[in-house]
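*Asks:* Here's a structure for you.
The values are calculated or read from the model by the stated rules, or taken from the named source; none is laboratory data. As the structure is a prediction and not an experimental result, all values here were calculated from the model. Every residue, glycine as well, gets a Cβ built from its backbone with ideal geometry; the counts of neighbours run over all protein chains shown.
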Amino acid sequence: MRLRARLLLPLLLLADLASLRPTWASSLAAWRLTSQGVLELRTSVNVNPLAFYEAGAGQRGPRVWIDLPGAPSHSRSVNGNGDLRQVRIGQPDASTTRLVLEFAPGVRLDPGDLRLVGTARDRWKMEFKGVAAGLIAQGEGSIETASLPLAARPWSSSGGSGIASGSGSASGSGIDSASGFGSGSTGASSSGSGSGFSSASGSGSGIDSASGSTGASGTDLANGSGSATGTGRGLTGWSRRPPARTALFPTAAGPLSAEGLPLVPRGRFKVVIDPGHGGPDPGAVGIAGLRETDVVLDVSLQLARLLQSRGVEVLLTRTSEVDVDLPPRVALANSSGADLFLSVHANALSMDRPDVNGIESFYFEPAGNRARSLAAAVQQQMLAISPGSPDRGVRTARFFVIRRTVMPSTLVEMGFVTGSLDAPRLMDANFRRQMAVALATGVLTYLQNTAQGLR
């Protein structure tokens, strides 16, 4: 099996032929960006992803995007962390899935170092050198699961390796449109071999400018008409960026500090954090519309950063409001070799019972003492920052995510979103930060005891 490294510009498709292409499911099965800055993809077998790059300018960071055959089930955006600002998955035309990684302003990527490398018939990776600082691993789906062939393939690309050089043109709407992703098409032609990106020229709607035109190397076009020529590292003719979403559930202000947290050997432990529910499943909804999914995601993201600051490798089953079924959450944990699994939830009862409050932690009894010790460690810390909230105990349960994971696992309920005592606390960003610190303390205490051979 010959492994291939590609960062090719796609062949320009004639409009009449492009309109005849059928629609089929996306060949993108899973993606993951590791804490070391390596993008990993699992696709249908024998497809040829096409990768693109555009340099950043001003307040816009560099972007890398990858086009694959087939249409995604839905367009979505995932907030990044560290040097990664956002990941977007969309549909630039009826038969293409586009995965976009947008990095923060000031991040520098050398296009000469960017290679989309095939490591198997259905596996690809790309390394982003120099951007690993502050990254928390994130992704969707299971990278390790076996892939199936794609029923129909919309395109193929010429053989060879490296980055195509030559000249080309681009037109139409590209990655971002007002609804999230463009509905037109972007094409370019290339010839030659070796390294370097082709120069581009074109016209269309831009991203960053409200009006006017811009002519420069590899920059976006303004709204309306315009042109860009030169040795641009990427395509022109992108659509306008969608309006920024207002943060309706902000995290606590001020820097997140790991001062005072227990110390563990750096680089020794790996933890999977599972923010419950997500996307169309908000979980419990309580007083004043407080949603479980918002509470647990905010706490989990802060918890991940705290653990990472202590040298713990962290994987999250989700990092934004996306719907992840239970089996993929378990599959991620079991395939990762993690030392523990923590599923984060908030409880609820009838809105007629605001008198019911309390904190509890669950473990699967056949998992043994280590699972119970983990549950007890986090339960103790949650109670310490929740005065007056009843201790509902460390209890056994058969929840799927703690029953099917192979490492010590616990599912925590941080309080009742329907409780008159718990709900106002869970609404409070500062309390959620305290809860993240409490969970981090419990996890690190457990890991510390593990390192000392006490578990």
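*Asks:* Could you count how many residues in segment 116-142 are of a type in the set (D, E, K, R), in contact with a Gly (Cβ under 8 Å, 6 or more places away or on another chain) and surrounded by 14 or more Cβ atoms within 10 Å (Cβ to Cβ)?
*Replies:* Looking only at that region, the number is 1.
*Asks:* Whether any residue in segment 418-428 is of a type in the set (Gly, Ala, Ser), part of a helix (DSSP H, G or I) and under 27 Å from the mean Cα position of the chain (by Cα) is what I want to check.
*Replies:* No, segment 418-428 contains no residue that is of a type in the set (Gly, Ala, Ser), part of a helix (DSSP H, G or I) and under 27 Å from the mean Cα position of the chain (by Cα).
Listed here are the residues, each with its yes/no results for (1) surrounded by fewer than 18 Cβ atoms within 10 Å (Cβ to Cβ); (2) more than 30 Å from GLY260 (Cα to Cα).
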| site | (1), (2) |
| --- | --- |
| VAL285 | yes, yes |
| VAL295 | no, no |
| ALA304 | no, no |
| GLN308 | no, no |
| THR317 | no, no |
| ALA331 | no, yes |
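*Asks:* I'd like the full set of residues that are hydroxyl-bearing (Ser, Thr, Tyr) and crowded, with 20+ Cβ neighbours inside 10 Å, limited to segment 73-104.
*Replies:* Residues satisfying the conditions are SER77, SER95, THR96, THR97.
*Asks:* Let me ask something else. Identify, from the list GLY415, GLY393, the residue that is touching a helix residue (DSSP H, G or I) at 6+ places or on another chain (Cβ under 8 Å), within 24 Å of LEU261 (Cα to Cα) and crowded, with 17+ Cβ neighbours inside 10 Å.
*Replies:* Exactly one residue qualifies, and that residue is GLY415.
*Asks:* Scan segment 126-137 residue by residue and report those that are at pLDDT 90 or above and either of a type outside the set (A, V, I, L, M, F, W, C) or not in a loop (DSSP other than H, G, I, E, B) (or both).
*Replies:* Residues satisfying the conditions are MET126, GLU127.
*Asks:* For segment 93-111, enumerate the residues that are over 20 Å from the mean Cα position of the chain (by Cα) and closer than 15 Å to GLU54 by Cβ.
*Replies:* ARG108, ASP110, PRO111
*Asks:* Continuing with the same structure: Take THR410 and tell me if it is among the polar types (S, T, N, Q) and either at pLDDT 95 or above or in a loop (DSSP other than H, G, I, E, B) (or both).
*Replies:* Against the criterion (among the polar types (S, T, N, Q) and either at pLDDT 95 or above or in a loop (DSSP other than H, G, I, E, B) (or both)), THR410 qualifies.
*Asks:* Anything in segment 345-374 that is touching a Gly at 6+ places or on another chain (Cβ under 9 Å) and under 16 Å from LEU447 (Cβ atoms)? List them, or say none.
*Replies:* Answer for segment 345-374, where residues must be touching a Gly at 6+ places or on another chain (Cβ under 9 Å) and under 16 Å from LEU447 (Cβ atoms): just LEU374.
*Asks:* If you don't mind, another one. Kindly indicate which of SER350, SER373, SER343, SER300 is assigned to a strand (DSSP E or B), within 22 Å of ASP391 (Cα to Cα) and out of contact with any His (no Cβ under 8 Å at 6 or more places or on another chain).
*Replies:* SER343
*Asks:* Does SER409 satisfy the condition of being among the small types (Gly, Ala, Ser) and within 26 Å of the chain's Cα centre (by Cα)?
*Replies:* Yes; evaluated as a whole, the condition is true for this residue.
Condition check ((1) more than 17 Å from the chain's Cα centre (by Cα); (2) at pLDDT below 95) across all residues:
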position: ARG305; (1), (2): no, yes
position: SER309; (1), (2): yes, yes
position: SER320; (1), (2): no, yes
position: VAL324; (1), (2): no, yes
position: PRO327; (1), (2): yes, yes
position: ALA331; (1), (2): no, yes
position: SER336; (1), (2): no, yes
position: LEU340; (1), (2): yes, no
position: ASN347; (1), (2): yes, no
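*Asks:* With respect to PHE341, determine if the residue is under 22 Å from THR34 (Cβ atoms), of a type in the set (Phe, Trp, Tyr) and not assigned by TED's automatic domain parsing to the domain that holds VAL78.
*Replies:* Yes: the conditions hold for PHE341.
*Asks:* Could we say that ARG392 is among the charged types (D, E, K, R), over 19 Å from VAL271 (Cβ atoms) and in contact (Cβ under 8 Å) with a residue 12 or more places away in the chain here?
*Replies:* For ARG392, the condition - among the charged types (D, E, K, R), over 19 Å from VAL271 (Cβ atoms) and in contact (Cβ under 8 Å) with a residue 12 or more places away in the chain - is met.
*Asks:* For segment 266-280, state whether one or more residues are of a type in the set (Val, Ile, Thr), assigned to a loop (DSSP other than H, G, I, E, B) and closer than 23 Å to GLY453 by Cα.
*Replies:* no
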